[in-house]
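Student: Dropping a structure here in structure tokens format, bear with me for questions.
The values are calculated or read from the model by the stated rules, or taken from the named source; none is laboratory data. Please read these numbers as outputs of a predicted model, since none were measured by experiment. In this analysis, Cβ positions are derived from the backbone assuming ideal geometry, glycine residues included, and neighbour counts consider all displayed protein chains.
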Amino acid sequence: MEEAIKVPSGQVVTLLEVISDAAGPFGLTARFRFLAPEIARDRGTVDADTAAVDMDFLCQSYALTKIASTGPQPVQIIISMSDVDVPFGETRPDATQLFNSYSIADGVCVWEIY
């Protein structure tokens, strides 16, 4: 795991993994998956609207800085948060998972309906 990242809500998230080998519906997609225990529906302190601001921050301030400046560029970035580590592609009914999708325009993350 990577170092902890403090986001605008004050919660601390940890990068679980980056997945770029599974194409999204619009082409090359970079998925940044974060562990965010504070979004837990039963014991968390961060609601979905607040987490959305955190995901915007993670796209702009973290994900964009990690995308290579040469080679194929993703057309979409997906930021996901989960209160527990859920393997990519699996479901877990007791887990709280949030997802936001972004396109990239002029070096800026633009939120899109996912």
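Student: Which residue pairs have Cβ atoms closer than 7 Å, lie 6 or more positions apart in sequence or on different chains, and pair a first residue in the range 20-34 that is exposed (fewer than 12 other Cβ atoms within 10 Å of the Cβ) with a second residue that is assigned to a loop (DSSP other than H, G, I, E, B)?
Tutor: Gly27/Val75
Student: Residues of the range 5-19 being surrounded by 12 or more Cβ atoms within 10 Å (Cβ to Cβ) and either outside any loop (DSSP other than H, G, I, E, B) or free of Cβ contacts under 8 Å to residues at least 24 places away in the same chain (or both), which ones?
Tutor: Passing the criteria: Ile5, Val12, Val13, Thr14, Leu15, Leu16, Glu17, Val18, Ile19.
Student: Then there's this: Please enumerate the residues belonging to the range 60-96 that are loosely packed, with under 12 Cβ neighbours inside 10 Å and over 15 Å from the mean Cα position of the chain (by Cα).
Tutor: Matches in the range 60-96: Ala68, Ser69, Thr70, Gly71, Pro72, Glu90, Thr91, Pro93, Asp94.
Student: I'd like to check something: does the range 44-59 contain any residue that is surrounded by 13 or more Cβ atoms within 10 Å (Cβ to Cβ) and among the polar types (S, T, N, Q)?
Tutor: Yes.
Student: Let me ask something additional. Against the conditions (1) of a type outside the set (Phe, Trp, Tyr); (2) modelled with pLDDT of 95 or more; (3) out of contact with any strand residue (DSSP E or B) (no Cβ under 6 Å at 6 or more places or on another chain), where does Leu35 fall short? Just the number, please.
Tutor: Of everything listed in (1) of a type outside the set (Phe, Trp, Tyr); (2) modelled with pLDDT of 95 or more; (3) out of contact with any strand residue (DSSP E or B) (no Cβ under 6 Å at 6 or more places or on another chain), Leu35 misses just condition (3).
Student: I'd like to verify a number: residues in the range 79-92 that are at pLDDT below 95 and either polar (S, T, N, Q) or not in a loop (DSSP other than H, G, I, E, B) (or both), how many?
Tutor: Here the count works out to 1.
Student: Would the range 53-75 turn up any residue that is without any contact (Cβ under 8 Å) to a residue 12 or more places away in the chain, in a loop (DSSP other than H, G, I, E, B) and of a type in the set (S, T, N, Q)?
Tutor: For the range 53-75, residues without any contact (Cβ under 8 Å) to a residue 12 or more places away in the chain, in a loop (DSSP other than H, G, I, E, B) and of a type in the set (S, T, N, Q): present.
Student: Could you list, in sequence order, all residues of the range 20-38 that are closer than 17 Å to Phe57 by Cβ and in a loop (DSSP other than H, G, I, E, B)?
Tutor: If the condition is that a residue be closer than 17 Å to Phe57 by Cβ and in a loop (DSSP other than H, G, I, E, B), then Ala36 is the only one that fits.
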